[in-house]
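Each remark here refers to the structure printed beneath this line.
The values are calculated or read from the model by the stated rules, or taken from the named source; none is laboratory data. Given the structure is predicted, the values throughout are model-derived calculations rather than measurements. Methodologically, a virtual Cβ is constructed for each residue, glycine included, from the backbone with ideal geometry; neighbour enumeration extends over all protein chains shown. These area figures cover heavy atoms from the full protein model, side chains too; ligands, DNA and RNA do not enter into them. Shrake-Rupley method; radii C 1.70, N 1.55, O 1.52, S 1.80 Å.
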Amino acid sequence: MTRPAGNTRLKAARQHAGYASQQALADAMTRAAPLLDLGHIQVSARQIRRWESVNPPWPRADHQRLLTHVLQLPIEQLGFTPPWETSGPATNSAGPAPHTGTAPQALGTTLPLPNTSAALQPPTVGADFAAINAALRRLYFSVQPAQLHPAVLEHTKLGTQLLAETTGVPRRILATALAEALLLVGRIEFFDLRQPDEADATYVRALQAAGEANDSLLGAAILAHAAFIPGWDGRREESAERMRAARTYARRSPAPPEFWAWLDAVEAECETRCGHPREALRLINHGELVLAEGVEAPAPEWFNWFSPVSLQSFKGDTQLKAGQPAQAKATLEAVLETMADTNAKQRSVILGDLAAVEIALKNPEGAAAYAEQALDQLSATWYATGMDRVNQVRRALQPWSDSDAVRHLDDRLYDWQTTVSSLQR
C-alpha cells in the first residue's frame, strides 16, 4: 500500500519556485515578512512540513500573504481548503480551481483523486494515453505550433479527467504520461509561441503530475525547462535555484549521460543570457566530458530534444557570445552539416546563429545570406526562437542597411506572408 502523497500542489509550487527544501521556503518567507510590513515572523521548516502533509491546516492570514508573495500563486492553488468548505483538502478535490490569467485555458489546477463511484478505466489506459504522446512528440517537429498547441492541450484535459477513473499502477502510468504531455504543452508555449507566463503555469501542473507518478527524472526535466523562463529574462538567481532543484531530482533517478549533458547545456544557455558566457563555456565543456566518459544508458522516450549535436549547437552560440567568432563558425558549420533534416526548427536557429557569426566577422553579405536561408526554413516550419534569431541579426545589420544584400533581406523579411505571420504570432 503506497503512502499518501500529501499536499503535492504546495510541494510542486515550492520546487517550481526554486526552493528545493522545506527549510529554503521557510527562510524565504521569513525574509519576505518585513517587506510586506508584517514585522518579524519566523517561519519554520516544521510549519512547511505541516502544510505539505495529507491534511494541511488552513494558514492564518499573514502566512497566506507570505505564501502567495513568495510562490506567486493564489492560496487556492496551493492545496489548501478553507475551513468553511467541507469537501476535504484542495489537493484531493476532483473539481478544477478558479481559472487565473496565467493558467492554461480551460485546464483545471488540480489532479483529481479516483472517483470510486465512477467506472474505472481499463488497465491499458495509461499506455494508450502514452501512445498518443509519442505521436504528438513526433508531430512537434513538423506541425505548425499554433495548430499543434490546441490539440496537445485538449489531450492533457482528457488525461486530467481520466485520472479520476484510475487507481493503483494504471493511475501512476497515466500520471507519468500526463506529465509528459504537459511538458510538451509548456515547450510549445515557451519556445514556439513565446508565452512564458503560460508556460510557467503549465510547468507547475506538469510537476504536480510527475509528483503524482513519483517520476524524479521527469521532474528534473520539467524543472530544467522552467529554469529557461527566468534565465532568458536575465533573472540569474531564480534560474539557478530551479537548476539546483533539477539536478537534485536527477540524482534521485538513474539518469543517462545525455541527460546530465543537457542539464549542463540548459544552465549554460541561461548563464549566457544572463551575461556570463565564460561560465557557460565551462558548463559546455563539462557536458562534453560527461558524454565522452559516460557509459551508454537508454534514455526515456520523451527525452527526444537533445543529442551530442545539440550540445554543439549550444556551444557555438556560447562561443559567439564569449567573443570567439572563428571558433563559433567552425562549431556551427559542423553542426549544420551533421544535423538531420528532421530537426527543421533547430536548423533555423543554427542558420540564425551563423548569420550572427558573420556579423561579428564583419561580413554583412554572408550574414544576410544565412538569414535568408533561415527564413526559407521558417517558411516551411515556423519556430519563434528561430525568428527571434533572424530579427536579432537584422537589428545588428542596421549599419549596412543601404547595401544590396540587406535590402534584399528586408524584401524577404517584410514580404506579405512573413509580416502577417509575425503579427499573428
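Overview of values
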quantity: Residue under evaluation residue 169, criteria (1) of a type outside the set (Lys, Arg); (2) open to solvent by 40 Å² or more (accessible area, probe 1.4 Å); (3) in a loop (DSSP other than H, G, I, E, B), criterion not met; calculated: (3)
quantity: Near pairs, Cβ below 8 angstrom, 6+ apart or cross-chain, from region 11-39 (among the polar types (S, T, N, Q)) to any residue that is open to solvent by 10 Å² or more (accessible area, probe 1.4 Å) and part of a loop (DSSP other than H, G, I, E, B); calculated: 22/52; 30/41; 30/42
quantity: Restricting region 61-83 to residues that are of a type in the set (D, E, K, R) and within 16 Å of residue 38 (Cβ to Cβ), the residue that is surrounded by the most Cβ atoms within 10 Å (Cβ to Cβ); calculated: 65
quantity: Qualifying residue in region 6-26 (condition: touching an Asp or Glu at 6+ places or on another chain (Cβ under 6 Å) and farther than 25 Å from residue 237 by Cβ); calculated: yes
quantity: Residue in region 367-383 that is surrounded by 16 or more Cβ atoms within 10 Å (Cβ to Cβ), in a helix (DSSP H, G or I) and β-branched (Val, Ile, Thr) present; calculated: no
quantity: Index of the failed condition, residue 249 passing every other in (1) touching a Gly at 6+ places or on another chain (Cβ under 7 Å); (2) hydroxyl-bearing (Ser, Thr, Tyr); (3) over 30 Å from residue 178 (Cα atoms); calculated: (3)
quantity: Positions within region 178-210 being more than 22 Å from residue 14 (Cα to Cα) and hydrophobic (A, V, I, L, M, F, W, C), in sequence order; calculated: 188, 191, 193
quantity: Subset of region 345-366 (residues that are open to solvent by less than 10 Å² (accessible area, probe 1.4 Å) and either closer than 19 Å to residue 305 by Cβ or at pLDDT below 90 (or both)); calculated: 345, 348, 349, 350, 351, 352, 353
quantity: Hits in region 337-354 (condition: in contact with a helix residue (DSSP H, G or I) (Cβ under 7 Å, 6 or more places away or on another chain) and closer than 20 Å to residue 191 by Cα); calculated: 339, 344, 345, 346, 347, 348, 349, 350, 351, 352, 353, 354
quantity: Matching residues in region 148-202 - criterion: being in contact with a Ser or Thr (Cβ under 8 Å, 6 or more places away or on another chain) and among the small types (Gly, Ala, Ser); calculated: 181, 186, 201
